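The values are calculated or read from the model by the stated rules, or taken from the named source; none is laboratory data. Note that the structure is a prediction, hence the values are computed from the model and not measured. When we count neighbours, we look across all protein chains shown, and the Cβ atoms used for this are built from the backbone with ideal geometry, even at glycine. What goes into the accessible areas is simple: the full protein's heavy atoms, side chains included, and nothing from ligands, DNA or RNA. Shrake-Rupley method; radii C 1.70, N 1.55, O 1.52, S 1.80 Å.
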Amino acid sequence: MEKLYYRIPYIRQFEAKVVSCEKGKKGFEVILDRTAFYPEGGGQPSDTGTLGIARVLDVHERGEEVIHYTDQELQEGQTVTGAIDWDNRFSNMQQHSGEHIVSGLIHGRYGYDNVGFHMGHEEMTIDLNGILTWEELMEIEKEANEIVFANRQIKATYPSEEELQKLDYRSKKELSGRVRIVEVPGADCCACCGTHVEYTGEIGAVKFLSMIHYKGGVRISMLCGAKAMEDYRRKTDQTAAISNLLSAKPDRLKEAVERLKNEAAEKDARIGALTRELLNLKVKQYEAGQKLLFVFETGMTALQIRQFCDRLLEGGKAETAAVFSEDAKGGFNYCAGSRSFDMRQAGKTLNGKLNGRGGGSAQMIQGTFKASEEEIRNVFEEIF
């Protein structure tokens, strides 16, 4: 089979003869005498497109054959026109070429290896077996884009065994036989089966999105070319929208967010103090020494319910106290505590009879009930 994607990576359309077409688990499996469809491999997704009237959904290698998975049957022996989804193919070429520059520069400067590479729809990731700081990564990004702007030619060759032995190239595993070497002058020399742009200028741009610690090294998320520009456009739109909401210039958003965060913390502290004052006033309304005390409130958070229940017990208002606040679904959030009952055991009984969820300690339980106020009162009086 002639693999046109290696010889002519910029090919968009081609003619080929159908060697075989068999029914598969998903659609049909088509083998051609020649193809420009790149099969998934080496971290790069496969091409998609059409073969005549059939849509090519996926492409994989099986031994020396390239299998095209189509949504319609093609006749063995017929000649078909293949058309590549070019925007997708060219984007993959941009991403993969940019990855080579980045991986090569990091390997050359720090000696780290690319041990995992994946080109996803949203972003591309590179896994390295060493640690970098964000500042170091930004230096790599700057150098990578300088190589892009220099518009250097990217070469793909098949060195002889003798030439290969003398060549210093990156590879994730030991290789034998015919090895394809992709070289970016001044950046990388690597064994690779992917498709690449011819000149680095076609990569457009290299942009890192994030970096996390991963399996003893780091995982870098990045984009190149058109995808990087689209990501920049989305983030520019978001920045403009946030700038309008905060009435702050785009380059002063950090200060504006910090100000809002500090103001919110001050408000939370003041609300907390007022809530404590309110709960203390509410507690004073109840007589001390009750055997069982019910309190039904509205609009209380789970934390406030617990704080109220704590204060009722600490203030000696009841031997057993329970505070409830209706939730948006018609049930009740609750907290119940006792100085004489094992509340863990009681909680199991309550949850069973009141369609409840939750738990806690021997002194206090908290959760939700899907029952009416009357049902809750009846079951609590029965148990306590």
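From the phi of every residue in segment 192-204, what ³J(HN,Hα) in whole Hz does the Karplus formula 6.51 cos²θ - 1.76 cosθ + 1.60 yield, where θ is phi - 60° and glycine or proline is x?
So the J values, rounded to whole Hz, are 7, 10, x, 9, 9, 6, 7, 10, 4, x, 6, 5, x.
Among 283, 19, 102, which one shows the biggest mean-square fluctuation in a GNM of the chain, springs joining Cα atoms closer than 10 Å?
Taking springs between Cα atoms under 10 Å, the residue moving most is 283.
Relative contact order of the chain: what whole-number percent is it, with Cα pairs under 8 angstrom and at least 6 residues apart?
Relative contact order of the chain: 10 percent.
Quick check: net charge around residue 320, other residues with Cβ under 9 Å of its Cβ, Lys/Arg +1 and Asp/Glu -1?
Neighbourhood net charge equals +1.
May I ask you to evaluate 6.51 cos²θ - 1.76 cosθ + 1.60, the Karplus curve with θ = phi - 60°, for each residue of segment 347-354 and list the ³J(HN,Hα) values in order in whole Hz, giving x for glycine and proline?
Ordered by residue, 3J(HN,Hα) equals x, 4, 5, 4, 4, x, 8, 10 Hz.
For the chain, taking Cα atoms only, what is the radius of gyration to one decimal and the Dmax to the nearest whole Å?
33.1, 96
Hey, in the chain, which Cys have no second cysteine's beta-carbon closer than 4.7 Å?
Singleton cysteines: 21, 189, 190, 192, 193, 224.
Please find, in a Gaussian network model of the chain (springs between Cα atoms separated by less than 10 Å), the residue of 157, 195, 298 whose mean-square fluctuation is greatest.
298
Can you give me the C-alpha center-to-center distance between segment 46-82 and segment 170-217, rounded to a whole angstrom?
Using only Cα atoms, the two centres lie 28 Å from each other.
Quick check: Cα centre of segment 128-151 to Cα centre of segment 295-327, how many Å?
Distance between centres, Cα-based: 57 Å.
Connecting C-alpha atoms closer than 10 Å in a GNM of the chain, tell me which of 33, 85, 310 has the biggest fluctuation.
Residue with maximal mean-square fluctuation among 33, 85, 310: 310.
Given H placed 1.01 Å from N in the peptide plane, which residues other than close sequence neighbours of residue 49 have an amide H under 5 Å from its amide H?
For residue 49, the qualifying residues are 56, 85.
Per residue of segment 70-77, in order, report the coupling 6.51 cos²θ - 1.76 cosθ + 1.60 (Karplus, θ = phi - 60°) as ³J(HN,Hα) in whole Hz, putting x for Gly and Pro.
10, 8, 9, 7, 10, 7, 4, x
Quick check: at a probe of 1.4 Å, how many percent of the accessible area of the chain sits on carbon and sulfur atoms?
Carbon and sulfur: 49 percent of the exposed surface of the chain.
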